[in-house]
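The structure appears right after this line, and notes come after that.
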Amino acid sequence: MIKQIIFFCKDLYQNRHLIIQLVIKDLKLKYFGSYLGLLWAFIQPLVTILILWFVFQVGFKSVPVSNCPFVLWLIAGIIPWFFFADALDSATRSILDYDYLVKKVVFKVEFLPIIKLISAFLIHIFFIFVLIIFFILFQYSFSLYIIQILYYLAALLILLTGISFITSSIIIFFRDVGQIVAMALQLGFWGTPIFWSLNMIPAKFQIYLKLNPVFYIINGYRDSLINKLWFWNNWELTIYFWIITLLILISGVSVFNKLKSHFADVL
């Protein structure tokens with residue numbers, strides 16, 4: 001299994017020019033036909049952030065969290081969630097979206113979920129800069145801990161790769177997976193401490209919310225920007241996250257390899 005992952009990474013590098021072309025094409029097609037085009041990828045999340053900020057900061061008068069203005073605490077959690085949700089939703093449908101490549105062209109179908117993840121990743125990079133700008137506007141001081149965002153971003157990409165390999169391969173045979181993923185993302189949004197603090201929940205129930213690997217990422221972004229904690233300070237959660245993530249990745253690669261030979265027939 002490790003050899004397969006290494007070979008796959010080599011294939012990605014060797015075919016990097018083709019993948020870049022497909023990523024650019026994917027971004028164009030996703031927003032083709034609208035007047036604002038690619039700008040919608042940035043407008044919709046920004047509007048959502050502003051609405052949530054208005055509701056909880058202005059309407060409910062939310063107090064600072066961890067001595068940090070609520071709006072900063074909110075966007076530090078919601079921006080990585082936007083990336084996770086958008087990437088997983090699009091990667092799940094990746095093979096269906098590019099069925100012509102699967103049916104008529106000799107093409108490594110393993111690249112298709114990755115192409116969707118890279119498209120979402122590029123948009124996420126923009127929002128990381130937006131996040132930093134917000135912190136600057138609020139005159140919130142940065143420190144060396146901010147470099148940890150790169151670690152948590154890499155961790156999230158690996159988690160997404162494993163999940164998307166599973167969902168993108170199963171949806172070919174069970175189309176309801178698309179709706180299941182969408183519903184799971186809705187539940188995950190409200191069930192993950194994104195716009196509410198984990199400390200609002202009784203201590204005996206907090207452990208169950210921490211079982212969600214996305215919690216590790218959300219909390220990690222906030223640790224890097226607000227709480228100023230290194231990831232090894234939460235070593236138990238870090239070990240748990242990587243065990244779960246690697247199991248998901250190995251399962252995803254295994255499921256995808258077993259099913260990919262049947263994709264063309266079913267499509």
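The values are calculated or read from the model by the stated rules, or taken from the named source; none is laboratory data. Bear in mind the structure is a predicted one, so any value in this text is a computation, not a measurement. In this analysis, Cβ positions are derived from the backbone assuming ideal geometry, glycine residues included, and neighbour counts consider all displayed protein chains.
In the set (1) exposed (fewer than 15 other Cβ atoms within 10 Å of the Cβ); (2) in a loop (DSSP other than H, G, I, E, B), residue 182 fails one condition alone, (2).
Out of all the residues in region 54-66, is one or more touching a His at 6+ places or on another chain (Cβ under 9 Å) and either at pLDDT 80 or above or not hydrophobic (A, V, I, L, M, F, W, C) (or both)? Walk me through how you get there before you give the answer.
First, the residues of region 54-66 that are touching a His at 6+ places or on another chain (Cβ under 9 Å): none.
No - not one qualifying residue is present in region 54-66.
How many residues are touching a residue at least 24 places away in the same chain (Cβ under 8 Å) and part of a helix (DSSP H, G or I) if we restrict to region 212-239? Before you say what the answer is, go through the steps one by one.
Quick first cut of region 212-239, residues touching a residue at least 24 places away in the same chain (Cβ under 8 Å) only: 212-214, 216-231, 237.
Now narrow it down to the ones that are part of a helix (DSSP H, G or I): 213-214, 216-227, 231, 237.
Summing the residues that are touching a residue at least 24 places away in the same chain (Cβ under 8 Å) and part of a helix (DSSP H, G or I) in region 212-239 gives 16.
Of everything in region 156-176 that's β-branched (Val, Ile, Thr) and part of a helix (DSSP H, G or I), which residue is surrounded by the fewest Cβ atoms within 10 Å (Cβ to Cβ)?
Residues of region 156-176 that are β-branched (Val, Ile, Thr), as a first pass: 158, 161, 163, 166-167, 170-172.
Going one step further and asking which of them are part of a helix (DSSP H, G or I), we end up with 158, 161, 163, 166-167, 170.
Values: 158: 15, 161: 21, 163: 23, 166: 21, 167: 24, 170: 17.
Out of the qualifying residues, it is 158.
Scanning region 167-181 for residues that are at pLDDT 90 or above and among the aliphatic types (A, V, I, L, M) gives 170, 171, 172, 180, 181. What are the residue pairs meeting all of these: first residue in region 135-163, first residue in contact (Cβ under 8 Å) with a residue 24 or more places away in the chain, second residue acidic (Asp, Glu) and in a helix (DSSP H, G or I), Cβ atoms under 8 Å, and 6 or more apart or on different chains? Correct list of pairs: 145/223; 148/223.
If you go through region 116-147, how many residues are aromatic (Phe, Trp, Tyr), in a helix (DSSP H, G or I) and either in contact with a strand residue (DSSP E or B) (Cβ under 7 Å, 6 or more places away or on another chain) or at pLDDT below 90 (or both)? It would help to see each step written out before you state the result.
Here is the first cut: in region 116-147, the ones aromatic (Phe, Trp, Tyr) are 121, 126-127, 129, 134-135, 138, 140, 142, 145.
Those still in the list that are in a helix (DSSP H, G or I) too: 121, 126-127, 129, 134-135, 145.
Adding the requirement that they be either in contact with a strand residue (DSSP E or B) (Cβ under 7 Å, 6 or more places away or on another chain) or at pLDDT below 90 (or both) leaves 126-127, 129, 134-135, 145.
The qualifying residues number 6.
Taking only region 218-267 into account, find how many residues are aliphatic (A, V, I, L, M) and closer than 30 Å to residue 109 by Cα.
Start the filter on region 218-267 by keeping residues that are aliphatic (A, V, I, L, M), which leaves 218, 225-226, 229, 237, 239, 243-244, 246-250, 253, 255, 259, 264, 266-267.
Those left that are additionally closer than 30 Å to residue 109 by Cα: 243-244, 246-250, 253, 255, 259, 264, 266-267.
Result for region 218-267: 13.
With respect to the conditions (1) more than 16 Å from residue 221 (Cβ to Cβ); (2) at pLDDT below 90; (3) out of contact with any Leu (no Cβ under 7 Å at 6 or more places or on another chain); (4) not basic (Lys, Arg), residue 98 lacks only one, and its number is (3). The set of residues in region 66-97 being farther than 16 Å from residue 213 by Cβ, in contact with a helix residue (DSSP H, G or I) (Cβ under 7 Å, 6 or more places away or on another chain) and not aliphatic (A, V, I, L, M) consists of 66, 68, 70, 73, 82, 86, 89, 90, 92, 93, 94.
Quick grid of which residues meet (1) more than 14 Å from the chain's Cα centre (by Cα); (2) among the β-branched types (Val, Ile, Thr):
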position: 161; (1), (2): no, yes
position: 177; (1), (2): yes, yes
position: 199; (1), (2): yes, no
position: 214; (1), (2): no, yes
